[in-house]
Amino acid sequence: MPASAETKTEKRFDEKLLDIYNGAATTLMISIGHRTGLFDKMAEIGAASIEQLAKATSLNERYVREWLDSMTVSGIVNYDAEQKSYTLPPDHAHLLIRSSGKDNLAVFAQYVSVMANVEDEIIECFHKGGGVPYSSYKRFHEVMAEDSGQSLVPALLETVLPLVDGLVAKLDQGIEVMDIGCGRGLALMRMAKAFPKSKFVGYDLCDETVAFATKEAKSRGLSNLTFEVRDVSALGDVEKFDFITAFDAIHDQAQPQTVLNNISKALKTTGTFLMQDIDASSHVENNLNHPLGPFLYAVSCMHCMTVSLAQNGEGLGTMWGRETAKTYLERAGFKSVVIEKLNHDIQNCIYVATK
Ligand SMILES: C[S@@+](CC[C@H](N)C(=O)[O-])C[C@H]1O[C@@H](n2cnc3c(N)ncnc32)[C@H](O)[C@@H]1O
């Protein structure tokens, strides 16, 4: 083990395994609590019986009871046996309800269900190689947009864009901006609204997300923003953009180096590339105490690595890490790469790269 490697404090292994299984099962129930609005309603109405909560949410009473008991034994909800009432304590509610914005961790629980849906296809890949395509993932784009909509979008203007010296002033004056792998395009919509003199374009492989983004931008009256279905591994633009962004969209590319080379070519010499990507080390021995280590390696195997391999890609994986990311950016011709960590985001760091 290299000198920089971390050591991990271990629990007894049988206890640890049971914690893991209980945690995994509870994660599915948290996802359900989020999607059904049960957490939001519990926070709103306070102590309630099964019947009251079922009525208030218009959900089936028998299912609500089982869910509440699961939440109770997992220590998320408190149960008063005398009153037969259930309460979501305010400090727990804060981490589980929509109105908490970036602090709502319930959103992330949905990734476990999204991944579990493709387990059979992943097992086949373990035997035969290859990968699972984006199209196999039910709800991926919806969950991704919900995630970035709460963790990135609200922080974009105040903390993310100011990482680039003088950028906000340039956006105010009017510049050309491209976002690659834009998904449902919420980050671009936020920028397009704030900077009406600038022109924004978002590219994504997936027709469904581009159609969603186009419709949403139109309904918001954003005329300085367009979306296109486009594979950014064949970009072809030369010195066209002043500012290019990629939010969690490089590590799952089929050809990440080609995409970074294309971004570098498409950027004016005075321009900046801002890449938000997963914050980790490229070396597993340095990730032993990563707060999301097990979660992110699983997301990699069950999604990010495999969607790349499905396109005969490199399969970099979610945990490609700072060291590899820096090397790829430098190879693409970025002479300066500054890595920033922001408090609002436990998952990512931001690379500010210039040529
Ligand atoms: C992890 S999602 C991130 C979406 C969005 N940036 C966000 O933060 O919500 C990655 C996105 O990159 C898109 N993508 C992957 N490879 C691409 C390629 N070669 N060209 C364009 N889009 C690509 C996927 O369709 C997906 O929407």
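Each value in this text was obtained by applying a stated rule to the coordinates, not by laboratory testing. Please read these numbers as outputs of a predicted model, since none were measured by experiment. A quick note on method: Cβ atoms are made from the backbone with ideal geometry, for glycine too, and the neighbour counts reach across all protein chains shown.
Below are the figures for this structure:
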item	result
Computed over the chain: relative contact order in percent, which uses C-alpha pairs under 8 Å that are six or more apart	14 percent
Of all DSSP beta bridges in the chain, antiparallel share, percent nearest 5	45 percent
Reach of Lys84 by Cα under 22 Å, taken over lysines that are not fewer than 8 positions away in the same chain	Lys41, Lys55
Proximal lysine pairs, region 132-256, alpha carbons under 14 Å, eight or more residues apart or interchain	4
Cα-projected label distance for Glu340 with Asn289, points at 7 Å along beta-carbon direction, nm	2.7 nm
FRET E, pair Asp165, Ala81, Förster distance 56 Å, beta-carbon r, rounded to 0.05	0.40
Label zone at Arg35 (point 7 Å along Cα-to-Cβ), backbone N below 20 Å, region 303-332	303-304
Cα-based Kirkwood hydrodynamic radius, region 13-99, one decimal, Å	13.2 Å
Relative packing of peptides 118-125, 194-201 - highest average C-beta neighbours within 10 Å first	194-201, 118-125
From the C-alpha gyration tensor of the chain, square roots of 5λ in Å	37, 25, 19
Estimated FRET transfer efficiency (Lys268, Val73; beta-carbon r; R0 51 Å; 0.05)	0.30
Ordering of 137-145, 234-242, 14-22 by burial proxy (mean other Cβ atoms within 10 Å per residue, highest first)	137-145, 234-242, 14-22
